[in-house]
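Before any comments, here is the structure.
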Amino acid sequence: MRVVVERTARGAADVAASLIADVLSARDGAALALPTGRTAAAVYAAVVARHRTGRARFDAARIFDLDEFLGIAPDDPRSFASFLRAHLLSQVDVAPQRVHLLDGAAPRWRGEATRCERAIAAAGGLDLAVLGIGANGHIGFNEPAATLAATTHRVRLAASTRRRHADAFGGAARVPRYALTMGVGTIMRARRVLLVATGAEKARIVARALGGAIATRVPASLLQGHPDGIAVLDRDAASRLRAVE
Ligand code: GLP
């Protein structure tokens, strides 16, 4: 995996935004899988700035989200769909019919998972999967486990993940127990993967994911096996990289 270390979180977001813009201009109809979270919000701010100066075009882009809370509808303000709309989709020239967001409230999650996989296949596969990393090493909502599902599936969220999202739901106990997520096979089949991590609180897990053994207990470590993987870090997130043997 190629590792790029920027001095600041803002610098890392800028580099990530320029890599996203490159993929958008390389192929008309480029298909992107996109994450949510604090790190992603900074990347999207940099992407929107590029869009406003004509350096990132979404008119032909196809957009997929990586994950969604189960039971939460796309128009619920706590949904990842709402997050993506607020931080990116409402601010760029993307065509609504090319936006494929998971419906966490779909009556049958299996049908929703199949719909998502079919839409990705119809787009000719993902050109780029943009990923954040959870403090426990999750990508999308692929939580650490003895085995990982390949395609889009329902996952039981780790207790630490539910605590992390407690504020949005008024307490960890109210955070949905399950989510939908693209599987690691779907992510690894993307032609390029871009992992973005910033801040000292990600240093330990980044060191394990990028410098440690490949293990399903650290889902992000699987990205080491990707033929075109790039990690964009700030100095704080990269600070322990050499500390892992
Ligand atoms: C959530 C998302 C992940 C994301 C992670 C990190 O758990 N499901 O896709 O990578 O948050 O978020 P943050 O950047 O806020 O640390």
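The values are calculated or read from the model by the stated rules, or taken from the named source; none is laboratory data. Nothing here was measured: the structure is a model prediction, and the numbers come from that model. The accessibility values were calculated without ligands, DNA or RNA, using every heavy atom of the protein model including side chains. Shrake-Rupley method; radii C 1.70, N 1.55, O 1.52, S 1.80 Å.
Structural remarks
- Cα centroid of segment 15-47 to Cα centroid of segment 108-148, whole Å: 17 Å
- As a length-normalised measure over Cα pairs under 8 Å and 6 or more apart, the relative contact order of the chain settles at 25 percent.
- Under 5 Å between amide hydrogens, built in the peptide plane, is the criterion, and for Ala31 it picks out Arg62, Asp127, Leu128 among residues at least 5 positions away or on other chains.
- Backbone phi angles across segment 180-195, fed through the Karplus curve with coefficients 6.51, -1.76 and 1.60 (θ = phi - 60°), yield HN-Hα couplings of 9, 8, 4, x, 5, x, 4, 5, 5, 7, 4, 5, 9, 10, 10, 9 Hz in residue order; Gly and Pro are listed as x.
- DSSP beta bridges fully contained in segment 2-234 are about 30 percent antiparallel.
- Taken over the Cα atoms of the chain, the convex hull encloses 111 Å³ per residue.
- Rounded to the nearest 10 square angstrom, Phe141 shows an accessible area of 0 square angstrom against a 1.4 Å probe.
- Amide H within-cut-off set for Val99, under 5 Å, with H built and near neighbours excluded: Ile63
- For Ser160, the accessible area of its heavy atoms, probed at 1.4 Å with every protein chain present, is near 50 square angstrom.
- Built amide H within the under 5 Å cut-off of Ile72, gap 5+: Gly104, Ala105
- Accessible area expressed per residue, the chain, with surrounding protein chains retained (probe 1.4 Å, Å²): 44 Å²
- The chain, accessible surface, carbon-and-sulfur percent (1.4 angstrom probe): 49 percent
- In Å², nearest 10: area of Arg78 left accessible to a 1.4 Å probe: 100 Å²
- The chain: DSSP helices with Cα axial extent of at least 15 Å and average Kyte-Doolittle hydropathy no lower than 0.5: 9-26
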